Amino acid sequence: MKRIGVLTSGGDAPGMNACLRALVLTAHANELEVIGFQRGFNGVIDQEYQTLSPYHVSGIIQDGGTLLKSARCPAMLTEEGLKQAAENLHDLELDALLVIGGDGSFRGCLELAPYYQGKLLGIPGTIDNDVDGSDFSIGFATALDTALDAIDKIRDTADAFERIFLVEVMGRHTGYLAVAAGIAAGAEQIICPELASELDLDKIAEHVEQARKHRGNCSYIIVIAETMYPGGASALAADLEQRGIECRASILGHIQRGGRPVGADRILATKLGAFAVEQLVQGAHLMMAGEINGKAGLYPLALTGDKKKQVDSYLLRWQQQVAQY
Ligand code: ATP
């Protein structure tokens, strides 16, 4: 093995740069050349890349975003795009491609595998934390802290005005971020796909009324995962208002993706970046480098999107029992 490629794909996540740094330094120590592709799989298809040396990754461990930029790449969904990507990887004589992203990006690897003769390895980098085979994905810890910082501030104004707030957090298909942020912020209600596939507005309103009965007029925060309600948190606020519950909607949006990675993300990213390269050298293929119970390990890429990973049901049960008091 002489030369490997790397790209960051899907939604960017804080810690991707720390991962790139670890990966390049480990590759250098193993006498491997690293080619970094721009804008996810687009860089492979459009042949936009650069050689990455330790010099290029020095001083980036603390930066959010990704040095290589990230993007969705619809061309990967076509046979023509997959063939082109494989051809370009062969032309560059790349022995392997490392993909930092979510389970969608890993599906891209699996689709590419029949056409590409080199090895393919994934590293979980997504604020959604919805990848099977790793307790945490790179970026989740930072996104959680960012969401918490915002919700704590919303709590101050909610307290002052005795208001009800709906706070929408990211997570297209899963509620990891919503549950973690809701629990850590002491939210009175959490609305996420794991708790309810359909929303019962009467139940939501009843919970608010019960809480106000126990505690008098007070702040009340509902954390809701995006895509849980048609039209989002603003539409839900309007519909609750029809039921006599006056509330404000606050959509945290893209601030959750940005910012300096917290320590936990830098450490996870460093560990997984280094481990992925070491495993590549030892012949790993179609695997993801993840961390379970604090130990780095390999997990089949084909299983990373199985959605077996559960949000903490113990905490959710507790939340439902006590949140009205
Ligand atoms: P996140 O959930 O954090 O945004 P992700 O990696 O799951 O990360 P996706 O948008 O699902 O994000 O996928 C990223 C890219 O991976 C897609 O734009 C596409 O290039 C590739 N990809 C996803 N699914 C497939 C597929 N079935 N076949 C080929 N390529 C795919």
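The values are calculated or read from the model by the stated rules, or taken from the named source; none is laboratory data. Worth saying up front: this structure is predicted, and the values here are computed from it rather than measured. Don't worry about glycine lacking a Cβ; one is built from the backbone with ideal geometry, like all the others, and counts go over all protein chains shown. These area figures cover heavy atoms from the full protein model, side chains too; ligands, DNA and RNA do not enter into them. Shrake-Rupley method; radii C 1.70, N 1.55, O 1.52, S 1.80 Å.
Quick one: putting +1 on the C-beta of Lys and Arg, -1 on the C-beta of Asp and Glu, what dipole do you get for the chain around its Cα centre, in Debye to the nearest 20?
Its charge dipole is roughly 480 debye.
Entry note, the range 142-258: relative contact order of 40 percent, from Cα contacts under 8 Å with a spacing of 6+ residues.
Once C-alpha pairs closer than 8 Å and six or more residues apart are averaged by separation and normalised to the residue number of the range 1-122, the relative contact order reads 34 percent. Sequentially through the range 43-51, phi angles give Karplus couplings (6.51, -1.76, 1.60; θ = phi - 60°) of x, 6, 5, 8, 6, 10, 7, 8, 6 Hz, Gly and Pro residues having no value and appearing as x.
Averaged over its residues, the range 1-93 has an accessible area of 44 Å² per residue, based on protein heavy atoms and a 1.4 Å probe.
Split the accessible area of the range 142-258 by element, probe 1.4 Å, and carbon with sulfur accounts for 46%. For the chain, the relative contact order is 24 percent, taking Cα pairs closer than 8 Å that sit 6 or more residues apart in sequence and dividing their mean separation by the residue count.
Rounded, prolate or oblate: which fits the range 1-81 when a ≥ b ≥ c are the square roots of the eigenvalues of the alpha-carbon gyration tensor, with rounded for a/c under 1.5 and prolate only if a/b beats b/c?
Numbers: a/c = 2.55, a/b = 1.36, b/c = 1.87.
Oblate, because a/c is 1.5 or more while a/b does not exceed b/c.
With a/c under 1.5 counting as rounded, go ahead and sort the range 142-258 into rounded, prolate or oblate using the C-alpha gyration tensor (a ≥ b ≥ c being the square roots of the eigenvalues; past the cut-off, prolate if a/b is larger than b/c, else oblate). Don't skip to the end; give the middle numbers.
Numbers: a/c = 1.69, a/b = 1.23, b/c = 1.38.
Oblate is the answer for the range 142-258, as a/c is 1.5 or above yet b/c matches or exceeds a/b.
Remark: the range 123-260 carries 42 Å² of accessible area per residue (probe radius 1.4 Å; ligands, DNA and RNA excluded).
If you take every residue apart from Asn217 with its C-beta less than 10 Å away from the C-beta of Asn217, what net charge results, scoring Lys and Arg +1 and Asp and Glu -1? List each step's numbers first, then the result.
Numbers: positive: Arg163, Arg212, Arg215; negative: Glu162.
Once positives and negatives cancel, what remains is +2.
What net charge do the residues around Gly65 carry, taking every other residue with its C-beta under 11 Å from that of Gly65, with Lys and Arg at +1 and Asp and Glu at -1? Intermediate results must be reported in sequence, preceding the final value.
Details: positive: Lys69, Arg257, Arg260; negative: Asp12, Asp63.
Residues close to Gly65 contribute a combined charge of +1.
Shown here for the range 142-202: GluC sites (Glu not before Pro) in loop regions (DSSP other than H, G, I, E, B) with at most 13 other Cβ atoms within 10 Å, namely Glu162, Glu198. Here the sum of -39500 (n - 2.57) over DSSP H runs of 4 or more residues, divided by the residues of the chain, equals -12500 deg cm²/dmol at 222 nm, to the nearest 500.
The 3J(HN,Hα) values that the Karplus relation (6.51, -1.76, 1.60; θ = phi - 60°) gives for the range 286-295 are, in residue order, 6, 10, 10, 8, x, 10, 10, 6, x, 10 Hz. Gly and Pro appear as x. For the chain, the share of DSSP beta bridges that are antiparallel, to the nearest 5, is 25%. Roughly what angle does helix 79-91 make with the longest principal axis of the chain, taking Cα atoms, 0 to 90 degrees, to the nearest 10? In the chain, helix 79-91 runs at an angle near 50 degrees to the longest axis. Taking Lys and Arg as +1 and Asp and Glu as -1, the other residues whose beta-carbon sits under 11 Å from that of Met228 total -3. Between Ala264 and Leu148, the modelled labels are 0.7 nm apart [label points 7 Å from Cα along Cα→Cβ].
Dipole of the range 73-181 computed with +1 at Lys/Arg Cβ and -1 at Asp/Glu Cβ about the Cα centre; of Thr146, Leu98, Phe165, farthest Cα towards the positive end is Phe165.
Bridging of Lys213 to aspartates and glutamates at a Cα separation below 19 Å is possible for Asp159, Glu162, Glu188, Asp202, Glu241, Glu246, once same-chain residues fewer than 8 apart are set aside.
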